[in-house]
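Encoded as C-alpha coordinates, the structure appears first; notes follow it.
The values are calculated or read from the model by the stated rules, or taken from the named source; none is laboratory data. Because the structure is a prediction, the values reported are computed rather than measured. Here the Cβ positions follow ideal geometry from the backbone for every residue, glycine too, while neighbour counts run over all protein chains shown. When the accessible area is computed, the model is the full protein with side chains, heavy atoms only, and any ligands, DNA or RNA have been set aside. Shrake-Rupley method; radii C 1.70, N 1.55, O 1.52, S 1.80 Å.
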Amino acid sequence: MSLQWEVVGKSKKSQAKSKNAQLKEFHEETTKTPVVRKINDGQNNRKDNKENRKVTQESAKKAQTVKVAGNVEKEKKPVKKKFKNLEAALQEFSVDDLKFHLDVFKTNFKNSHIVWLKAILSYLNEALNVDVDAVFVCKPILYPANVIPESLKKLIHAELESAGPSNVQYFFDQSLTSLAVDLNKNLPVVGTKIILQLIALRYPVVCQSNFAKNAVLHNSYLNQSSIGLSLLWALGQGGFRDVQVGINVWQNMMVPVIEMKNYSKYVVDYIFRILQKAPENSSLKLTLQEYLNLMDTLMKPRNAIPSTYRNLLPESAFMISKLYVESTKNVSNIFLTLFKNLSSESPSVYHFTLVQCLKTEPNCVKLWELNHKKLHQQHTALLNYIRESKQGNTMKGNKALNDFLRTVAPNWAREDENSAKNRHQGQNKAKQNTQEKTTSKRVDKSSKSSSFCLWILGIFVTLGAIGGIIGYDVHVHGGQFEGEMLSILVLDTPLHSYANN
(Lines give C-alpha, C1' and ligand atoms only; values in the text may rest on other atoms or scores of the structure.)
Protein backbone atom coordinates (compact mmCIF):
# COMPACT_ATOMS: atom_id res chain seq x y z
CA MET A 1 0.00 0.00 0.00
CA SER A 2 1.34 3.32 -1.08
CA LEU A 3 1.68 5.98 1.51
CA GLN A 4 1.54 8.82 -1.12
CA TRP A 5 -1.55 10.84 -1.65
CA GLU A 6 -3.04 11.02 -5.19
CA VAL A 7 -5.22 13.81 -6.50
CA VAL A 8 -8.46 12.43 -7.83
CA GLY A 9 -10.35 14.71 -10.32
CA LYS A 10 -9.54 17.21 -13.10
CA SER A 11 -6.97 19.90 -13.10
CA LYS A 12 -7.92 23.54 -13.02
CA LYS A 13 -6.98 24.03 -16.68
CA SER A 14 -9.15 21.19 -17.88
CA GLN A 15 -12.00 22.36 -15.70
CA ALA A 16 -11.74 25.83 -17.21
CA LYS A 17 -11.76 24.44 -20.75
CA SER A 18 -14.85 22.31 -20.12
CA LYS A 19 -16.62 25.24 -18.52
CA ASN A 20 -15.87 27.47 -21.51
CA ALA A 21 -17.06 24.79 -23.97
CA GLN A 22 -20.35 24.43 -22.11
CA LEU A 23 -20.89 28.16 -22.14
CA LYS A 24 -20.17 28.31 -25.87
CA GLU A 25 -22.67 25.55 -26.67
CA PHE A 26 -25.30 27.19 -24.54
CA HIS A 27 -24.71 30.51 -26.28
CA GLU A 28 -25.00 28.97 -29.77
CA GLU A 29 -28.24 27.24 -28.97
CA THR A 30 -29.78 30.36 -27.57
CA THR A 31 -28.73 32.46 -30.61
CA LYS A 32 -30.06 30.03 -33.25
CA THR A 33 -32.87 31.53 -35.39
CA PRO A 34 -36.03 29.53 -35.16
CA VAL A 35 -37.40 27.88 -38.31
CA VAL A 36 -40.87 29.14 -39.17
CA ARG A 37 -42.98 26.60 -41.01
CA LYS A 38 -46.03 27.65 -42.91
CA ILE A 39 -49.08 25.54 -42.25
CA ASN A 40 -51.32 24.87 -45.28
CA ASP A 41 -54.03 22.46 -46.22
CA GLY A 42 -51.69 20.11 -48.16
CA GLN A 43 -52.54 21.37 -51.67
CA ASN A 44 -48.99 22.50 -52.38
CA ASN A 45 -47.60 19.15 -51.33
CA ARG A 46 -49.91 17.32 -53.73
CA LYS A 47 -49.00 19.76 -56.54
CA ASP A 48 -45.28 19.29 -55.93
CA ASN A 49 -45.68 15.53 -55.95
CA LYS A 50 -47.47 15.64 -59.31
CA GLU A 51 -44.79 17.83 -60.85
CA ASN A 52 -42.03 15.61 -59.51
CA ARG A 53 -43.69 12.51 -60.91
CA LYS A 54 -44.14 14.27 -64.30
CA VAL A 55 -40.49 15.32 -64.45
CA THR A 56 -39.26 11.85 -63.56
CA GLN A 57 -41.49 10.27 -66.21
CA GLU A 58 -40.28 12.71 -68.90
CA SER A 59 -36.63 12.21 -67.97
CA ALA A 60 -37.04 8.45 -68.05
CA LYS A 61 -38.78 8.62 -71.41
CA LYS A 62 -36.09 10.88 -72.86
CA ALA A 63 -33.34 8.66 -71.54
CA GLN A 64 -35.02 5.67 -73.14
CA THR A 65 -35.37 7.40 -76.55
CA VAL A 66 -31.78 8.63 -76.45
CA LYS A 67 -30.64 5.09 -75.66
CA VAL A 68 -32.66 3.73 -78.60
CA ALA A 69 -31.33 6.47 -80.85
CA GLY A 70 -27.81 5.65 -79.78
CA ASN A 71 -28.31 2.03 -80.66
CA VAL A 72 -29.76 2.94 -84.06
CA GLU A 73 -26.89 5.29 -84.74
CA LYS A 74 -24.44 2.53 -83.97
CA GLU A 75 -26.21 0.31 -86.44
CA LYS A 76 -26.56 2.88 -89.25
CA LYS A 77 -23.39 4.91 -88.71
CA PRO A 78 -21.28 4.92 -91.92
CA VAL A 79 -18.04 3.02 -91.82
CA LYS A 80 -14.95 5.25 -91.83
CA LYS A 81 -13.42 4.18 -95.09
CA LYS A 82 -10.84 6.20 -96.98
CA PHE A 83 -11.50 6.75 -100.70
CA LYS A 84 -9.16 7.79 -103.48
CA ASN A 85 -11.46 10.51 -104.78
CA LEU A 86 -14.93 11.92 -104.32
CA GLU A 87 -16.41 10.11 -107.32
CA ALA A 88 -15.42 6.74 -105.83
CA ALA A 89 -16.94 7.69 -102.48
CA LEU A 90 -20.21 8.78 -104.11
CA GLN A 91 -20.54 5.41 -105.84
CA GLU A 92 -20.87 3.71 -102.45
CA PHE A 93 -22.94 6.49 -100.88
CA SER A 94 -26.56 5.68 -99.95
CA VAL A 95 -29.10 8.51 -99.77
CA ASP A 96 -31.61 6.15 -98.12
CA ASP A 97 -29.23 5.53 -95.22
CA LEU A 98 -28.85 9.28 -94.80
CA LYS A 99 -32.65 9.68 -94.73
CA PHE A 100 -32.94 7.00 -92.03
CA HIS A 101 -30.17 8.68 -90.05
CA LEU A 102 -31.95 12.03 -90.36
CA ASP A 103 -35.33 10.60 -89.33
CA VAL A 104 -33.83 9.42 -86.04
CA PHE A 105 -32.73 12.95 -85.22
CA LYS A 106 -36.09 14.37 -86.26
CA THR A 107 -37.81 11.95 -83.89
CA ASN A 108 -35.59 12.81 -80.93
CA PHE A 109 -35.12 16.54 -81.58
CA LYS A 110 -38.37 17.95 -82.86
CA ASN A 111 -38.34 21.39 -84.54
CA SER A 112 -34.55 21.61 -84.19
CA HIS A 113 -33.52 22.46 -87.74
CA ILE A 114 -29.94 23.33 -86.81
CA VAL A 115 -29.51 19.90 -85.21
CA TRP A 116 -30.89 18.22 -88.33
CA LEU A 117 -28.54 20.12 -90.61
CA LYS A 118 -25.60 19.26 -88.37
CA ALA A 119 -26.61 15.60 -88.54
CA ILE A 120 -26.47 15.73 -92.37
CA LEU A 121 -23.09 17.47 -92.29
CA SER A 122 -21.49 14.99 -89.88
CA TYR A 123 -22.88 12.03 -91.84
CA LEU A 124 -21.45 13.36 -95.11
CA ASN A 125 -18.04 13.96 -93.55
CA GLU A 126 -17.84 10.37 -92.37
CA ALA A 127 -19.33 8.77 -95.48
CA LEU A 128 -17.24 10.85 -97.94
CA ASN A 129 -13.84 10.45 -96.34
CA VAL A 130 -11.60 11.90 -99.06
CA ASP A 131 -8.47 14.05 -99.08
CA VAL A 132 -9.15 17.05 -101.33
CA ASP A 133 -7.40 20.21 -102.42
CA ALA A 134 -8.29 23.46 -100.66
CA VAL A 135 -9.78 25.11 -103.77
CA PHE A 136 -10.25 22.06 -106.04
CA VAL A 137 -7.52 22.94 -108.54
CA CYS A 138 -8.01 21.61 -112.10
CA LYS A 139 -11.69 20.94 -111.39
CA PRO A 140 -14.76 22.60 -112.95
CA ILE A 141 -16.03 25.82 -111.40
CA LEU A 142 -19.01 24.28 -109.57
CA TYR A 143 -17.17 21.18 -108.36
CA PRO A 144 -18.10 19.21 -106.21
CA ALA A 145 -21.75 20.28 -106.50
CA ASN A 146 -21.84 19.24 -110.16
CA VAL A 147 -21.04 15.57 -109.33
CA ILE A 148 -23.39 15.17 -106.37
CA PRO A 149 -26.48 12.99 -107.05
CA GLU A 150 -29.70 14.94 -107.59
CA SER A 151 -31.47 12.97 -104.87
CA LEU A 152 -28.90 14.15 -102.33
CA LYS A 153 -29.22 17.76 -103.52
CA LYS A 154 -33.01 17.63 -103.20
CA LEU A 155 -32.75 16.28 -99.66
CA ILE A 156 -30.37 19.03 -98.56
CA HIS A 157 -32.31 21.78 -100.33
CA ALA A 158 -35.55 20.64 -98.71
CA GLU A 159 -33.98 20.84 -95.24
CA LEU A 160 -32.57 24.28 -95.98
CA GLU A 161 -35.96 25.53 -97.15
CA SER A 162 -37.70 24.23 -94.04
CA ALA A 163 -35.04 25.75 -91.77
CA GLY A 164 -35.65 29.32 -92.95
CA PRO A 165 -33.23 32.16 -93.86
CA SER A 166 -32.14 33.05 -90.31
CA ASN A 167 -31.29 29.44 -89.42
CA VAL A 168 -29.49 28.97 -92.72
CA GLN A 169 -27.37 32.07 -92.09
CA TYR A 170 -26.50 30.90 -88.56
CA PHE A 171 -25.69 27.39 -89.76
CA PHE A 172 -23.50 28.74 -92.60
CA ASP A 173 -21.41 30.81 -90.18
CA GLN A 174 -21.09 27.87 -87.79
CA SER A 175 -20.06 25.56 -90.62
CA LEU A 176 -17.32 28.00 -91.68
CA THR A 177 -15.88 27.89 -88.18
CA SER A 178 -16.12 24.09 -88.00
CA LEU A 179 -14.41 23.87 -91.41
CA ALA A 180 -11.38 25.73 -90.09
CA VAL A 181 -11.32 23.77 -86.80
CA ASP A 182 -11.65 20.37 -88.50
CA LEU A 183 -8.95 21.19 -91.03
CA ASN A 184 -6.67 22.22 -88.20
CA LYS A 185 -7.32 18.81 -86.58
CA ASN A 186 -6.80 16.99 -89.90
CA LEU A 187 -10.39 15.66 -89.94
CA PRO A 188 -12.43 14.96 -93.09
CA VAL A 189 -14.27 18.09 -94.31
CA VAL A 190 -15.69 17.19 -97.73
CA GLY A 191 -19.22 17.08 -96.33
CA THR A 192 -18.77 20.53 -94.79
CA LYS A 193 -17.55 21.94 -98.10
CA ILE A 194 -20.49 20.42 -99.97
CA ILE A 195 -23.00 21.89 -97.53
CA LEU A 196 -21.33 25.32 -97.63
CA GLN A 197 -21.27 25.31 -101.44
CA LEU A 198 -24.92 24.30 -101.79
CA ILE A 199 -25.98 27.00 -99.32
CA ALA A 200 -23.90 29.67 -101.10
CA LEU A 201 -25.24 28.73 -104.53
CA ARG A 202 -28.85 28.75 -103.31
CA TYR A 203 -28.59 31.75 -100.95
CA PRO A 204 -25.64 33.88 -102.20
CA VAL A 205 -26.35 36.69 -99.76
CA VAL A 206 -25.13 34.58 -96.79
CA CYS A 207 -21.57 34.99 -98.10
CA GLN A 208 -21.55 38.74 -97.50
CA SER A 209 -23.62 39.04 -94.32
CA ASN A 210 -20.81 38.79 -91.73
CA PHE A 211 -17.64 40.20 -93.26
CA ALA A 212 -16.25 41.40 -89.92
CA LYS A 213 -16.65 38.03 -88.19
CA ASN A 214 -15.37 36.07 -91.20
CA ALA A 215 -12.37 38.39 -91.56
CA VAL A 216 -11.38 37.68 -87.94
CA LEU A 217 -11.77 33.95 -88.57
CA HIS A 218 -9.66 34.12 -91.73
CA ASN A 219 -6.92 36.21 -90.11
CA SER A 220 -6.57 33.68 -87.30
CA TYR A 221 -5.62 31.01 -89.87
CA LEU A 222 -3.83 33.31 -92.32
CA ASN A 223 -0.48 31.54 -92.07
CA GLN A 224 -2.09 28.17 -92.75
CA SER A 225 -2.80 28.65 -96.44
CA SER A 226 -4.80 25.43 -96.84
CA ILE A 227 -7.30 26.62 -94.22
CA GLY A 228 -7.27 30.22 -95.44
CA LEU A 229 -7.88 29.22 -99.05
CA SER A 230 -10.66 26.84 -98.02
CA LEU A 231 -12.45 29.67 -96.21
CA LEU A 232 -12.08 32.00 -99.22
CA TRP A 233 -13.32 29.25 -101.52
CA ALA A 234 -16.46 28.72 -99.43
CA LEU A 235 -17.21 32.44 -99.17
CA GLY A 236 -16.63 32.94 -102.89
CA GLN A 237 -19.10 30.32 -104.13
CA GLY A 238 -22.01 32.77 -104.02
CA GLY A 239 -20.27 34.88 -106.68
CA PHE A 240 -20.99 32.25 -109.33
CA ARG A 241 -24.72 32.87 -108.85
CA ASP A 242 -24.62 36.62 -108.14
CA VAL A 243 -21.76 38.68 -109.58
CA GLN A 244 -22.48 41.54 -107.19
CA VAL A 245 -21.97 39.24 -104.19
CA GLY A 246 -18.78 37.88 -105.74
CA ILE A 247 -17.33 41.37 -106.21
CA ASN A 248 -18.21 42.32 -102.62
CA VAL A 249 -16.55 39.17 -101.26
CA TRP A 250 -13.52 39.81 -103.46
CA GLN A 251 -13.09 43.39 -102.26
CA ASN A 252 -13.65 42.71 -98.55
CA MET A 253 -12.09 39.27 -98.07
CA MET A 254 -9.65 38.66 -100.92
CA VAL A 255 -8.04 42.00 -101.84
CA PRO A 256 -6.26 42.26 -98.45
CA VAL A 257 -4.28 39.10 -99.30
CA ILE A 258 -3.97 39.66 -103.08
CA GLU A 259 -0.19 40.08 -102.99
CA MET A 260 0.54 37.23 -100.58
CA LYS A 261 2.40 34.39 -102.28
CA ASN A 262 0.01 31.57 -101.36
CA TYR A 263 -3.16 33.56 -102.14
CA SER A 264 -2.44 35.79 -105.16
CA LYS A 265 -3.14 33.25 -107.91
CA TYR A 266 -6.50 32.19 -106.50
CA VAL A 267 -7.60 35.77 -105.73
CA VAL A 268 -6.76 37.08 -109.23
CA ASP A 269 -8.25 34.05 -110.97
CA TYR A 270 -11.46 34.26 -108.90
CA ILE A 271 -12.51 37.76 -110.01
CA PHE A 272 -11.82 36.90 -113.65
CA ARG A 273 -13.80 33.63 -113.55
CA ILE A 274 -16.93 35.00 -111.88
CA LEU A 275 -17.10 37.73 -114.54
CA GLN A 276 -16.33 35.38 -117.40
CA LYS A 277 -18.99 32.89 -116.27
CA ALA A 278 -21.53 35.48 -115.12
CA PRO A 279 -25.17 34.40 -115.61
CA GLU A 280 -27.21 36.12 -118.30
CA ASN A 281 -28.98 39.35 -117.32
CA SER A 282 -26.45 39.94 -114.54
CA SER A 283 -26.31 43.47 -113.16
CA LEU A 284 -24.09 45.50 -110.86
CA LYS A 285 -25.51 47.83 -108.23
CA LEU A 286 -22.56 50.15 -107.72
CA THR A 287 -22.36 53.84 -107.09
CA LEU A 288 -20.03 55.82 -109.31
CA GLN A 289 -17.53 56.20 -106.46
CA GLU A 290 -17.62 52.46 -105.76
CA TYR A 291 -16.99 51.82 -109.44
CA LEU A 292 -14.01 54.20 -109.49
CA ASN A 293 -12.55 52.61 -106.35
CA LEU A 294 -12.95 49.19 -107.91
CA MET A 295 -11.17 50.33 -111.07
CA ASP A 296 -8.30 51.74 -109.02
CA THR A 297 -7.95 48.39 -107.25
CA LEU A 298 -7.93 46.43 -110.50
CA MET A 299 -5.64 48.76 -112.47
CA LYS A 300 -3.08 49.23 -109.68
CA PRO A 301 0.38 47.87 -110.61
CA ARG A 302 1.11 44.72 -108.62
CA ASN A 303 4.59 43.38 -109.29
CA ALA A 304 4.30 40.72 -106.58
CA ILE A 305 1.73 38.82 -108.66
CA PRO A 306 3.08 36.41 -111.33
CA SER A 307 2.97 37.92 -114.82
CA THR A 308 0.79 35.11 -116.19
CA TYR A 309 -1.95 36.09 -113.73
CA ARG A 310 -1.30 39.84 -113.56
CA ASN A 311 -2.95 40.50 -116.92
CA LEU A 312 -6.23 39.07 -115.66
CA LEU A 313 -6.82 42.16 -113.50
CA PRO A 314 -7.18 44.74 -116.33
CA GLU A 315 -9.23 42.23 -118.33
CA SER A 316 -11.55 41.96 -115.34
CA ALA A 317 -11.74 45.76 -115.21
CA PHE A 318 -12.95 45.90 -118.83
CA MET A 319 -15.61 43.24 -118.17
CA ILE A 320 -16.85 45.06 -115.06
CA SER A 321 -17.03 48.37 -116.97
CA LYS A 322 -19.13 46.85 -119.73
CA LEU A 323 -21.46 45.15 -117.25
CA TYR A 324 -21.71 48.30 -115.13
CA VAL A 325 -22.69 50.56 -118.03
CA GLU A 326 -25.23 48.06 -119.33
CA SER A 327 -26.91 47.61 -115.94
CA THR A 328 -27.05 51.21 -114.73
CA LYS A 329 -29.71 53.79 -115.59
CA ASN A 330 -27.67 56.97 -115.14
CA VAL A 331 -25.26 56.45 -118.04
CA SER A 332 -25.03 60.18 -118.81
CA ASN A 333 -23.68 60.91 -115.33
CA ILE A 334 -20.99 58.24 -115.76
CA PHE A 335 -19.96 59.67 -119.13
CA LEU A 336 -19.77 63.28 -117.97
CA THR A 337 -17.78 62.44 -114.81
CA LEU A 338 -15.27 60.29 -116.65
CA PHE A 339 -15.00 62.73 -119.56
CA LYS A 340 -14.15 65.66 -117.27
CA ASN A 341 -11.38 63.68 -115.55
CA LEU A 342 -9.97 62.13 -118.74
CA SER A 343 -6.36 62.72 -119.75
CA SER A 344 -3.73 61.16 -121.95
CA GLU A 345 -2.37 59.34 -118.88
CA SER A 346 -5.72 57.84 -117.88
CA PRO A 347 -6.00 54.04 -118.00
CA SER A 348 -7.47 52.72 -121.23
CA VAL A 349 -10.38 51.24 -119.28
CA TYR A 350 -11.84 54.75 -118.84
CA HIS A 351 -11.67 55.38 -122.62
CA PHE A 352 -13.34 52.02 -123.08
CA THR A 353 -16.10 52.95 -120.62
CA LEU A 354 -16.74 56.27 -122.38
CA VAL A 355 -17.21 54.49 -125.70
CA GLN A 356 -19.56 52.03 -124.00
CA CYS A 357 -21.57 55.01 -122.76
CA LEU A 358 -21.74 56.44 -126.29
CA LYS A 359 -23.00 53.09 -127.57
CA THR A 360 -25.59 52.67 -124.82
CA GLU A 361 -26.98 56.19 -124.39
CA PRO A 362 -27.39 58.58 -127.40
CA ASN A 363 -27.53 61.60 -125.06
CA CYS A 364 -23.85 61.08 -124.29
CA VAL A 365 -23.02 62.34 -127.79
CA LYS A 366 -24.86 65.58 -126.99
CA LEU A 367 -22.92 65.94 -123.74
CA TRP A 368 -19.68 65.51 -125.65
CA GLU A 369 -20.81 68.12 -128.17
CA LEU A 370 -21.67 70.60 -125.41
CA ASN A 371 -18.36 70.20 -123.56
CA HIS A 372 -15.81 69.60 -126.30
CA LYS A 373 -14.75 73.28 -126.49
CA LYS A 374 -14.29 73.69 -122.73
CA LEU A 375 -12.61 70.31 -122.37
CA HIS A 376 -10.42 70.36 -125.45
CA GLN A 377 -7.73 68.06 -124.02
CA GLN A 378 -10.30 65.45 -123.03
CA HIS A 379 -11.97 65.79 -126.40
CA THR A 380 -8.69 65.13 -128.22
CA ALA A 381 -7.85 62.11 -126.04
CA LEU A 382 -11.24 60.46 -126.63
CA LEU A 383 -11.19 61.25 -130.36
CA ASN A 384 -7.73 59.68 -130.74
CA TYR A 385 -8.88 56.56 -128.90
CA ILE A 386 -11.86 56.18 -131.24
CA ARG A 387 -9.59 56.59 -134.26
CA GLU A 388 -6.93 54.13 -133.13
CA SER A 389 -8.65 51.40 -131.09
CA LYS A 390 -10.64 48.45 -132.37
CA GLN A 391 -13.51 49.33 -130.09
CA GLY A 392 -13.51 52.89 -131.40
CA ASN A 393 -13.67 51.71 -135.01
CA THR A 394 -16.99 50.06 -134.28
CA MET A 395 -18.40 53.53 -133.50
CA LYS A 396 -17.85 54.82 -137.04
CA GLY A 397 -21.22 53.44 -138.03
CA ASN A 398 -22.97 55.51 -135.33
CA LYS A 399 -24.91 58.23 -137.19
CA ALA A 400 -25.23 60.65 -134.25
CA LEU A 401 -21.53 60.43 -133.52
CA ASN A 402 -20.55 60.81 -137.17
CA ASP A 403 -22.73 63.91 -137.59
CA PHE A 404 -21.10 65.52 -134.57
CA LEU A 405 -17.53 64.60 -135.45
CA ARG A 406 -17.86 65.89 -139.01
CA THR A 407 -18.43 69.36 -137.57
CA VAL A 408 -15.43 69.32 -135.22
CA ALA A 409 -13.07 67.06 -137.16
CA PRO A 410 -13.21 67.77 -140.94
CA ASN A 411 -11.03 64.79 -141.74
CA TRP A 412 -13.43 62.45 -139.92
CA ALA A 413 -15.68 62.00 -143.01
CA ARG A 414 -12.68 61.24 -145.20
CA GLU A 415 -11.31 58.82 -142.64
CA ASP A 416 -14.69 57.19 -142.38
CA GLU A 417 -14.97 56.88 -146.19
CA ASN A 418 -11.38 55.68 -146.51
CA SER A 419 -11.93 53.11 -143.81
CA ALA A 420 -15.06 51.92 -145.62
CA LYS A 421 -13.13 51.75 -148.89
CA ASN A 422 -10.28 49.93 -147.22
CA ARG A 423 -12.69 47.45 -145.74
CA HIS A 424 -14.34 47.00 -149.15
CA GLN A 425 -10.98 46.66 -150.89
CA GLY A 426 -9.84 44.24 -148.27
CA GLN A 427 -12.91 42.12 -148.87
CA ASN A 428 -12.32 42.23 -152.64
CA LYS A 429 -8.68 41.31 -152.20
CA ALA A 430 -9.68 38.45 -150.00
CA LYS A 431 -12.12 37.25 -152.64
CA GLN A 432 -9.49 37.63 -155.39
CA ASN A 433 -6.95 35.76 -153.34
CA THR A 434 -9.36 32.91 -152.80
CA GLN A 435 -10.24 32.84 -156.52
CA GLU A 436 -6.56 32.91 -157.50
CA LYS A 437 -5.83 30.09 -155.11
CA THR A 438 -8.64 27.97 -156.51
CA THR A 439 -7.68 28.70 -160.14
CA SER A 440 -4.02 27.98 -159.47
CA LYS A 441 -4.99 24.67 -157.94
CA ARG A 442 -7.09 23.88 -160.99
CA VAL A 443 -4.27 24.87 -163.37
CA ASP A 444 -1.80 22.71 -161.49
CA LYS A 445 -4.12 19.75 -161.70
CA SER A 446 -4.93 20.33 -165.38
CA SER A 447 -1.25 20.86 -166.29
CA LYS A 448 -0.32 17.59 -164.67
CA SER A 449 -3.13 15.68 -166.39
CA SER A 450 -2.77 17.33 -169.83
CA SER A 451 1.03 17.31 -170.20
CA PHE A 452 0.95 13.74 -171.47
CA CYS A 453 -1.95 14.54 -173.84
CA LEU A 454 -0.09 17.48 -175.36
CA TRP A 455 2.92 15.28 -176.13
CA ILE A 456 0.73 12.75 -177.96
CA LEU A 457 -1.03 15.56 -179.85
CA GLY A 458 2.35 16.91 -181.00
CA ILE A 459 3.24 13.53 -182.43
CA PHE A 460 -0.01 13.35 -184.42
CA VAL A 461 0.47 16.88 -185.76
CA THR A 462 3.98 16.04 -186.93
CA LEU A 463 2.78 12.90 -188.67
CA GLY A 464 -0.05 14.84 -190.35
CA ALA A 465 2.41 17.44 -191.63
CA ILE A 466 4.64 14.76 -193.12
CA GLY A 467 1.65 13.13 -194.77
CA GLY A 468 0.58 16.45 -196.26
CA ILE A 469 4.02 17.06 -197.74
CA ILE A 470 4.09 13.59 -199.28
CA GLY A 471 0.64 14.08 -200.82
CA TYR A 472 1.62 17.45 -202.26
CA ASP A 473 4.77 16.04 -203.76
CA VAL A 474 2.91 13.14 -205.37
CA HIS A 475 0.45 15.54 -206.87
CA VAL A 476 3.20 17.76 -208.32
CA HIS A 477 5.52 15.08 -209.71
CA GLY A 478 2.93 12.68 -210.95
CA GLY A 479 3.70 9.66 -208.90
CA GLN A 480 7.49 9.84 -209.13
CA PHE A 481 7.82 10.41 -205.45
CA GLU A 482 8.71 6.80 -204.75
CA GLY A 483 11.91 6.82 -206.77
CA GLU A 484 12.88 10.23 -205.58
CA MET A 485 12.15 9.26 -202.01
CA LEU A 486 14.39 6.22 -202.38
CA SER A 487 17.16 8.39 -203.77
CA ILE A 488 16.65 10.83 -200.88
CA LEU A 489 16.94 8.01 -198.39
CA VAL A 490 19.96 6.54 -200.18
CA LEU A 491 21.83 9.70 -201.10
CA ASP A 492 20.63 11.71 -198.08
CA THR A 493 20.05 14.72 -200.33
CA PRO A 494 18.14 17.71 -198.84
CA LEU A 495 14.51 17.90 -199.87
CA HIS A 496 14.61 21.53 -201.09
CA SER A 497 17.10 20.65 -203.89
CA TYR A 498 14.49 18.49 -205.60
CA ALA A 499 11.92 21.20 -205.34
CA ASN A 500 14.20 23.54 -207.28
CA ASN A 501 14.55 21.03 -210.15
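When we screen Val249, Val243, Val257 for residues that are surrounded by 22 or more Cβ atoms within 10 Å (Cβ to Cβ) and either within 8 Å of the chain's Cα centre (by Cα) or without any contact (Cβ under 8 Å) to a residue 60 or more places away in the chain (or both), the only hit is Val249. The set of residues in segment 340-355 being more than 28 Å from the chain's Cα centre (by Cα), at pLDDT 90 or above and open to solvent by 30 Å² or more (accessible area, probe 1.4 Å) consists of Lys340, Asn341. Leu286 meets the stated requirement of being outside any helix (DSSP H, G or I), farther than 29 Å from Phe136 by Cβ and at pLDDT 90 or above.
Of all residues in segment 370-405, which are in a helix (DSSP H, G or I) and hydrophobic (A, V, I, L, M, F, W, C)? Reasoning before the result, please.
At the first step, the residues of segment 370-405 found to be in a helix (DSSP H, G or I) are 370-371, 376-388, 390-397, 399-405.
Residues satisfying the conditions are Leu370, Ala381, Leu382, Leu383, Ile386, Met395, Ala400, Leu401, Phe404, Leu405.
When segment 107-125 is filtered for residues that are at pLDDT below 95 and closer than 21 Å to Ala180 by Cβ, nothing remains.
The set of residues in segment 327-369 that are assigned to a helix (DSSP H, G or I) and small (Gly, Ala, Ser) comprises Ser327, Ser332, Ser348. In summary, helices (runs of 4 or more DSSP H) completely within segment 105-224 and bearing 3 or more residues that are among the charged types (D, E, K, R) and exposed (fewer than 15 other Cβ atoms within 10 Å of the Cβ) occur at 150-163. As a summary of the residue check, Ile141 satisfies the conditions (1) modelled with pLDDT under 95; (2) out of contact with any helix residue (DSSP H, G or I) (no Cβ under 8 Å at 6 or more places or on another chain) except for the one numbered (2). Tell me whether segment 300-313 contains one or more residues that are touching an Asp or Glu at 6+ places or on another chain (Cβ under 8 Å) and not in a loop (DSSP other than H, G, I, E, B). Yes, segment 300-313 contains a residue that is touching an Asp or Glu at 6+ places or on another chain (Cβ under 8 Å) and not in a loop (DSSP other than H, G, I, E, B).
Residue-level analysis places Asn281 among those that are within 24 Å of Leu198 (Cβ to Cβ) and not in a helix (DSSP H, G or I).
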